[in-house]
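Here the structure comes first, spelled out in structure tokens, and everything after it is commentary.
The values are calculated or read from the model by the stated rules, or taken from the named source; none is laboratory data. Remember, it's a predicted structure, so these values are computed and weren't measured experimentally. Counting neighbours? That spans all protein chains shown, and the Cβs are built from the backbone with ideal geometry, glycine included. Just the protein is used for accessible areas: all its heavy atoms, side chains included, with ligands, DNA and RNA removed. Shrake-Rupley method; radii C 1.70, N 1.55, O 1.52, S 1.80 Å.
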Amino acid sequence: MNALAPTRPALLSLENIHVRYPAGRDWLGRSKGYAHALNGIDLALGEGETLGIVGESGCGKSTLAQLLLGLIAPASGEVRHAYESNAERQHAIQIVFQDPQSSLNPRLPVWKIITEPLVVHRQGRHRDLRAVAEGLAAQVGIRAEYLGRYPHQFSGGQRQRIAIARALSSAPDVIVLDEPTSALDISVQAQILNLLSRLQRERGLAYVLISHNVSVVRHLAERVAVMYLGQVVETGATATVLGRPQHPYTQLLLDAVPQLGKPLAGDTAAQRTELPGNRTLPAGCYFRDRCPKAAAGCEQPQALRRVAGAEVRCHRA
Ligand SMILES: Nc1ncnc2c1ncn2[C@@H]1O[C@H](COP(=O)(O)OP(=O)(O)OP(=O)(O)O)[C@@H](O)[C@H]1O
Ligand code: SF4
Ligand SMILES: [Mg+2]
């Protein structure tokens, strides 16, 4: 089996996706070029699976999330999905963000927040929406009598439950979870992860789980893709990739791994150096500047290749 491919039918797949953002203009009005956020991404997501996405800040994880939701278009490459229209796709693919404080409209009572996707998609008749919200709230552990309250009247963990209920309201196939627990107290993180696992089992949901926290990915994801500067540098079964990492970047990332919920400890090579700028992409292997194993041949562009059950973008792995 190809480690890039899900074991179940694909809902979504990406082929050689490139995304760039205009980097603004200088004082003479000349374009400063582009920030190259995604630089040749190949990924597929199968029905009911969890695909973990890990990589440091700025490597393109949230850009990938927006692309999956259809909110941004690639500069080049192919996005394939099972949906007939953009409206249907937006219905089927929902997102939960890191910070429920800023992602929930503070001026709406919670029952309206939860059913907002239905109103946007003109699905619910108004008088039914409150009942729909009650059903969803029960599934995420929010009591029906609190649905008239506003987001600030809830704790962080409860707000994230509300964000999850909202994502569920359009009966999606896929939920993209962009750092779903990193803004929460340690004691609450495990509860939210358990809730996500249960909902997945009950509803056959697929998750794209984006996280800095390798332990969170280990806990929930069957497959994982490690990103570096807008590319996948290693992918495969989570146990393989995180258990026996082959790419020097994955190895460095795992050196820095905290225990679930604990902050990064100490001074690691990955923390001492920074992601290179993405205005001009490096020639050859993107990781060469930081790689402890760089040698002859690394000045050549690297493609993913099969190594010990994973796909690895390094000729020396
Ligand atoms: N709207 C935008 N306009 C210009 N550049 C952007 C925009 N959004 C992202 N970028 C750039 O694209 C790159 C990838 O950003 P992205 O937010 O996808 O990274 P990330 O992996 O989600 O980071 P983090 O872990 O900090 O959330 C970064 O260089 C970022 O500065
Ligand atoms: S190709 Fe070379 S520089 Fe890149 S990760 Fe492998 S050893 Fe390091
Ligand atoms: Mg992000």
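Ligands, DNA and RNA aside, VAL233 has an accessible area near 10 Å² when probed at 1.4 Å. Take the range 32-82 with all the other protein chains still there, run a 1.4 Å probe, and you get 34 Å² of accessible area per residue.
With the charge dipole of the chain set up from +1 on Lys and Arg Cβ and -1 on Asp and Glu Cβ about the Cα centre, the Cα lying farthest toward the positive end among the listed residues VAL174, TYR249, PRO9 is that of VAL174.
As a fraction of the 1.4 Å probe accessible area of the range 199-242, surface on carbon and sulfur atoms comes out at 49 percent.
Using the Cβ-Cβ distance between ARG306 and ARG201 with R0 = 35 Å, the FRET efficiency computed as 1/(1 + (r/R0)^6) comes to roughly 0.65. Relative to the longest principal axis of the Cα atoms of the chain, the long axis of helix 110-120 lies at roughly 70 degrees. Per atom type, the range 1-77 shows carbon and sulfur on 52% of its accessible surface, probed at 1.4 Å. Computed 3J(HN,Hα) for the range 21-32, one whole-Hz value per residue from the Karplus formula 6.51 cos²θ - 1.76 cosθ + 1.60 where θ = phi - 60°, is 10, x, 8, x, 10, 7, 5, 9, x, 7, 4, 8, glycine and proline marked x. Sorting 236-247, 67-78 by their mean Cβ neighbour count within 10 Å, with the most densely packed peptide first, gives 236-247, 67-78. Protection proxy ranking, highest mean first, for peptides 151-162, 287-298: 151-162, 287-298, where packing is the per-residue count of other beta-carbon atoms within 10 Å, averaged. Ligands, DNA and RNA left out, the 1.4 Å accessible surface of the range 84-194 is 45% carbon and sulfur atoms. Each residue of the range 284-294 is assigned a 3J(HN,Hα), and the resulting list reads x, 4, 5, 8, 4, 4, 10, 7, x, 9, 4 Hz, derived from the Karplus form 6.51 cos²θ - 1.76 cosθ + 1.60 (θ = phi - 60°), x at Gly and Pro. Remark on ALA225: its backbone amide H falls under 5 Å from those of GLY52, ILE53, VAL54, a criterion applied only to residues 5 or more positions apart or on other chains, H modelled at 1.01 Å from N. Its residue count N fixes a reference of 2.2 N^0.38 Å for the range 49-121, and the Cα radius of gyration divided by that reference is 1.30. The heavy atoms of GLU222 present about 80 square angstrom of accessible area, all protein chains included, probe 1.4 Å. With a cut-off of 20 Å, note down the residues of the range 23-62 whose backbone N falls inside the zone around a label point 7 Å from the Cα of GLU15 toward its beta carbon. Within reach of a label on GLU15, which here means backbone N under 20 Å from a point 7 Å along Cα→Cβ, the range 23-62 contributes 38-47. Accessible area per residue for the range 167-264 is 34 Å², calculated with a 1.4 Å probe on protein heavy atoms, without ligands, DNA or RNA.
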